[in-house]
Structure formats: C-alpha cells, structure tokens
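The structure appears right after this line, and notes come after that.
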Amino acid sequence: MSTSVPSPEGVAHVQRRTVGVLSAVQVVGGLGAGAALSVGALLVKEVSGSSAWAGLATTMLTLGSALIALPLAALASARGRRPALTVGWVLAAVGALVVVAGAELDAAWLLLAGLFVVGASTATNLQSRYAATDLAEPQHVGRALSLVVWATTIGSVIGPNLTALGARTAEALGIPDLAGPFALAAVGFALTAVLTGVALVPDPLRVADSLRPRVDEGAATRPRMRDAWPVLRTNAAARTGVVTIVGAHALMVAVMAMTPVHMADHGSTLTIIGLTISLHIAGMFALAPVMGILADRWGRGRTIVLGQALLLLAALVAGTAGESETRMIVGLTLLGLGWSASTIAGSSLVAQAVPAPVRPTVQGTSDFLMSLGGAVGGLLAGVIINAWGFGPLNLVAAFLTVPAIRMVLAGRHRLGRRGRLVT
C-alpha cells in the first residue's frame, strides 16, 4: 500500500508523534522487561536446582535478542516499522507466558525456551531507537535516537522494584512466586504491542520511503538481510558505527556482569551492590539526550572517541578498585556513560551513513552483532575472572576500545560538525 507524500510540516508532525509514541512504548515495555529480568536467573535456579542452569538465563535472553533481531529487521524492511515492532512485542509476551508455564510445570527446558523468546523484547527495544531516526533531520538524528533510549530509564529503574507486586500476582493466580513478574511482563508486553499497533500511525519508515525518488519497482525496494554485509564492507562510516556499538556493548557486559561477583567476594552488602548497578544503569540511560546532542553538534566521531575514553577510564578505575566500594561505584558509573556515548554516537552514524533502502537491514545486522558481542563478552568474562581475577578482566576488556578508536582516527572518513559526513 502506498503512502502519500506529506509536506515538510507534515513530516515534522509525524516525526514528533513517532518519537512520542516510541518513548511511551519504551516505558511500558521496559517495566515488563525490568520486572522479568530481575528474577529470571533465580527462577531457573529454583526450578532446576542448579546454579549452572541459572547462568543460562541471561545467555538465552541475549541469544534470543540477537537471533530475533534479524527477522524483525527483515520484516521492517518489507512491511514497515509498525508491523515489525508489534510482532516483536507480541513474541515477548508469548515468551513470558511460556516462562510462566515452565515454572508451573517445573520444566527448566521450557523456562529457557521462554526466556529465549522473551529476548524479543530487547531486540524490539533496540529497533525502536532506529525507528526514531527514519524521519529525523540529519542534524537531529542523535537527539531523536537518544530520547527513545532515555525513555528506557523509567522502565529499567521501576521494573525491578515490581517483584513484590509480582509475588502478590503469583499468589492470586496460583503460580510460583518467581513466575509472578513474568505474568506482569506478559501483560506489559501485550499492552505495548497494542500501543504500537494502534498509535504508530503513519508508519515512519513507510513515510520515509514515500519521500525518496521512485526507482524501478522490485529493484532495491526490498533488500535481503545478506545485503547488509556488502554495505558494511564498502561503507567505512557504517562499519565504524557498528564496530563501536559491538565493542562498547561487549566491554560493558563483560565488566558489569562480573562486578556483583567481585564485590560480593570482597564483602560488599547487597545494598551497596544494588546501588552500584543502579548508578551504572543511570549512566547508561539518564544522560542519553546529552550524548545525542553531542553526537549531533560536536560530531559522531568525536563523541565515539569520548565514549571510548570513558570506557577506558572505567576499566582503569574499576579494575584497580580492589576492596574500595567508592572506586567501584565510580568505575561502573563511568562504564555506563561510556556505553551511552558510544552506542548513541555509533547508532546515529549507522542511521545517517547507510542508504535508506538498505538501512533497516544494516541496523538489524548491527543489533544482531551487538547482542552476540554481549553474549560472548559475558561468557568469556566468567572464564577470565576465574582464571586471573577482576583486574585482568578489565585490562582485557579495555582492548575492545582499540578498533573503534583506530577506525575513527585512521582518516578513512571525516565526521564533520552537526552530523555532516565528509568522505
């Protein structure tokens, strides 16, 4: 179905509406994800009776996010953002119900399968940030993207605190206590799917398509996912953005995942550990609009280098913290800020540098690699900390900043002020 070409004022109105709807969606969806993810590992451990199985909870969520990102991106390319995002939230709701069923049936394998599908919530969350850029002016790409990322803060902070409500919900439904948050998550994801399907009209990607000059129908209007790889091989700016996103995410997950273990081994209380992770999450999301403005006005490349510098400083501070809780809190907060600057600037660069017809497929590939990098980083982090300790883990993780810094500084492309690309 074709979309009529709107006026510039109409495009601006659709863009404002799109960012508003996506931000609201992130809040509701984040509540469900936060409530569920806070108890996923505990539920798997309770049902399986094994801490080893509990560790698979995060792995399944991350792998689900990575693998589901690709078909969602393909669907967005073929049908638009609204169908893709709606399907993603529906899958997340189904996954949460499967987790509840696994808890009720005392079946660990079913729990893990459900968690894999719940990973669709992360994949959809990531795709939402790109949907905010479909109609954004080049000088405002970072701002639009960062506003949607910022909205995640609300759900991420409030969601984990719904555990008590989840327990009461479980009691009312007659299911295991730890399954209650997943029941709430299923409702939250379902509401998010409805909100997306009803309110994300007109579809921003379809409107963006209508603004492009008409080309031969069937030529490049529906690219395949494999078409993303030639773009990344030949487009230095896009490749820099993806490498930045993947490296920053892998570094962040590796260090963050092992921080509670390290702090507990040094006698930190659960309250201090919780405060540390909360400030880390605040660093990731709360200042996202600032990072978006920097990416737009100061330049994508400079903001990427800033993000890498913050990640290096975080690894230095956290890796040498020892028993100092204050240094650990500072290090993890810096880690969140570095991730925020790197991810927002890298995502803005991908959104701007890639030609519109193949943009959704490249963005989906970027999200796939991002989640996969996080999964590998988390798995290797456990091996490294067991063999050498938390300090060496941070040292190894710090080397993940090298590729992005090298690519920005190599001079293969220059990133001008206000987001303009000068090749």
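The values are calculated or read from the model by the stated rules, or taken from the named source; none is laboratory data. All values reported here derive from a predicted model rather than from experimental measurement. Virtual Cβ from ideal backbone geometry, glycine too; neighbours counted across all protein chains shown.
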Inside the range 56-160, counting only helices (runs of 4 or more DSSP H) that do not spill past its ends, which hold 3 or more residues that are in contact with a Leu (Cβ under 6 Å, 6 or more places away or on another chain), within 26 Å of Gly382 (Cα to Cα) and at pLDDT below 90? none
Name every residue in the range 311-326 that is closer than 30 Å to His140 by Cα and buried (at least 23 other Cβ atoms within 10 Å of the Cβ), in order of residue number. Leu311, Ala314
Number of the condition not met by Gly274 [criteria: (1) buried (at least 24 other Cβ atoms within 10 Å of the Cβ); (2) small (Gly, Ala, Ser); (3) without any contact (Cβ under 8 Å) to a residue 12 or more places away in the chain]: (1)
Just checking, how many residues over the range 84-134 are buried (at least 24 other Cβ atoms within 10 Å of the Cβ), farther than 30 Å from Gly292 by Cβ and in contact with a Pro (Cβ under 8 Å, 6 or more places away or on another chain)? 1
Determine if the range 163-172 includes at least one residue that is within 24 Å of Ala103 (Cα to Cα), crowded, with 19+ Cβ neighbours inside 10 Å, of a type outside the set (Ser, Thr, Tyr) and modelled with pLDDT under 90. yes
Filtering the range 189-229 down to residues that are among the small types (Gly, Ala, Ser) and modelled with pLDDT of 90 or more yields Ala190, Ala193, Gly197, Ala199, Ala208
Residue identified as over 21 Å from Val201 (Cα atoms), under 11 Å from the mean Cα position of the chain (by Cα) and of a type in the set (Gly, Ala, Ser) among Gly119, Gly155, Gly114: Gly119
Single unsatisfied condition, Val362 versus (1) at pLDDT below 90; (2) in a helix (DSSP H, G or I): (1)
Among His280, His262, His249, which is assigned by TED's automatic domain parsing to the domain that holds Val362, crowded, with 21+ Cβ neighbours inside 10 Å and at pLDDT below 85? His262
Report, by residue number, each residue of the range 288-302 that is among the aliphatic types (A, V, I, L, M) and more than 17 Å from Gly30 (Cα to Cα). Val290, Met291, Ile293, Leu294, Ala295
Taking the condition assigned by TED's automatic domain parsing to the domain that holds Arg233, assigned to a helix (DSSP H, G or I), of a type outside the set (Val, Ile, Thr) and under 23 Å from Thr153 (Cα atoms), does Ala381 pass? no
